[in-house]
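Single-structure report; data block below.
Each value in this text was obtained by applying a stated rule to the coordinates, not by laboratory testing. In this text, all values refer to a predicted model and were calculated from it rather than measured experimentally. Please note: Cβ atoms are built from the backbone with ideal geometry, for glycine as well, and neighbour counts cover all protein chains shown.
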Amino acid sequence: MLKRSLLPYAAAIIAAAGISALATSSARAQDAIATKAQACAACHGMNGTPISATFPIVWGQQSNYLYKELHDFHSGDRKNPVMAPLVQGISLDELREISNYLAAKQWPTKQADSGAAAAPPEAIAAKMQQCKSCHQANFEGGAPAPRLAGLSYEYLRSAMNAFADGQRTNNLDMPGFMKSLTASERDAMAKYIAGL
């Protein structure tokens, strides 16, 4: 009789031990991802603010976008002499976890910029409407498009020109759209979006 009455307690203790082991294992896995993501800080910043205006903000960026870019560096669909070697030794599952980890971070607070435009320049306003279909009304992104608002002018201009010049081809829509714009239109867009 006594043994039967202890059976539920024994089952509960075994279940609790299993849950505890899973939680510990999950915590270790998160620590491992956090450790791997620390390599990102060398360029993208310890607090989410990149060390150079030529690097994008990755903290708080769209997870699906981050994963696509890391995947493309991993597969060779996007070329970069720094990023490609960094991701080669990381599995695609870990790249997904790193993307989720970075996306869960707070987007860095932007310093006040009195030069930010209230509206895009009239010459490009109509063309910028096309951008909003993917990047959303305030350029804050949404699956699958990245947030652009708050990225630096230098990074935005470089990315737009790389699409226009055929250096960056890992997106089906952007190369054609960027090629249809003049260099001065791309420059004006980059200035406007960086000021948001």
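How far, in nm, would the chain grow between residue 104 and residue 127 when pulled straight, counting 0.36 nm per residue and subtracting the alpha carbon separation?
Working: separation 23, 0.36 × 23 = 8.28 nm, distance 3.14 nm.
Value of the extension gain: 5.1 nm.
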Percent relative contact order of segment 122-194, based on C-alpha pairs within less than 8 angstrom and at least six residues apart?
30
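Taking the mean number of other Cβ atoms within 10 Å as a proxy for protection, how do you rank 165-178, 54-67 from highest to lowest? All intermediate terms of the calculation are to be shown ahead of the outcome.
Numbers: 165-178: 14.9, 54-67: 19.8.
Highest mean packing first, the order is 54-67, 165-178.
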Kindly identify segment 30-135 as rounded, prolate or oblate by the Cα gyration tensor criterion: order the square roots of the eigenvalues as a ≥ b ≥ c, call it rounded if a/c is under 1.5, otherwise compare a/b with b/c, prolate if a/b is larger, else oblate.
prolate
Assign one of three labels to segment 122-194, namely rounded, prolate or oblate, based on the Cα gyration tensor with a ≥ b ≥ c the square roots of its eigenvalues; rounded applies when a/c is under 1.5, prolate when it is not and a/b is larger than b/c, and oblate otherwise.
rounded
Between residue 93 and residue 161, what is the FRET efficiency for a Förster distance of 30 Å, r being their Cβ-Cβ separation, to the nearest 0.05?
0.35
Long-range HN-HN contacts of residue 62 with modeled amide H, under 5 Å
147
Which residues in segment 55-96 have a backbone N closer than 20 Å to a point placed 7 Å from the Cα of residue 169 along the Cα-to-Cβ line?
68-85
